[in-house]
Amino acid sequence: MTLRELTMKHFLLITAAIIGLSGVAWADNGLTLAQRNERQMEANRKVIDSLCAPHCSRPVIEPSQSDWDAVSNRMAAETEIHLRQLGMSPDVARKAAWATQHKPYSACSHYVAQLTADYDRGLSRRDYDEDLIISIERSGTCEKKNLD
């Protein structure tokens, strides 16, 4: 393998680990975003080490904070696009995407996870999804003042 292929392989492994562990709920709800990211990075290091061992002869490429931020921002942007494609208004979709990043334990994030799971699976639950979107928009579930 060339160095470029190895680097791409590491990037894909890291990205898979980020996405795979992004839904993990930490026991300490009082952690700051930076502390959660540090714990996430440590968990990802363990996953990468276990995938690589015992034949690792090269150092594992660790993502920088800007790499983490870029992945997080891209995931939020994709979430917003998917919510808008499901029929959510642009303002509420933006707020919902923000909530998934910054308030992952909120009711808003829970509902967004349901909607994006339906979108990702290509499920045709139009009535349910439309009713849920209308409920989110009318109730103000994703307003910052209502996020717990």
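The values are calculated or read from the model by the stated rules, or taken from the named source; none is laboratory data. Just so you know, these numbers come straight off a predicted model, no measurement behind them. Cβ atoms come from the backbone with ideal geometry, glycine included; neighbour counts cover every protein chain shown.
For (1) part of a helix (DSSP H, G or I); (2) modelled with pLDDT under 75; (3) among the hydroxyl-bearing types (Ser, Thr, Tyr), each residue gets a yes or a no:
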{"residue": "20", "(1), (2), (3)": "yes, yes, no"}
{"residue": "24", "(1), (2), (3)": "no, yes, no"}
{"residue": "30", "(1), (2), (3)": "no, yes, no"}
{"residue": "34", "(1), (2), (3)": "yes, yes, no"}
{"residue": "37", "(1), (2), (3)": "yes, no, no"}
{"residue": "41", "(1), (2), (3)": "yes, no, no"}
{"residue": "51", "(1), (2), (3)": "yes, yes, no"}
{"residue": "54", "(1), (2), (3)": "no, yes, no"}
{"residue": "59", "(1), (2), (3)": "no, yes, no"}
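Look at (1) closer than 19 Å to residue 33 by Cβ; (2) touching a residue at least 40 places away in the same chain (Cβ under 8 Å); (3) among the β-branched types (Val, Ile, Thr) and you find that residue 100 fails only one, number (2). No other residue among 75, 88 is outside any helix (DSSP H, G or I), of a type in the set (A, V, I, L, M) and either surrounded by fewer than 18 Cβ atoms within 10 Å (Cβ to Cβ) or modelled with pLDDT of 90 or more (or both) apart from 88.
Summed over region 68-97, the residues that are in contact (Cβ under 8 Å) with a residue 40 or more places away in the chain and within 20 Å of residue 33 (Cα to Cα) give a count of 5. Within region 103-145, the set of residues being of a type in the set (Gly, Ala, Ser), assigned to a loop (DSSP other than H, G, I, E, B) and over 20 Å from residue 36 (Cα atoms) comprises 122, 124, 140. When the residues of region 126-148 are filtered to those that are in contact with a Cys (Cβ under 8 Å, 6 or more places away or on another chain) and under 18 Å from residue 116 (Cβ atoms), the one that is surrounded by the fewest Cβ atoms within 10 Å (Cβ to Cβ) is 147.
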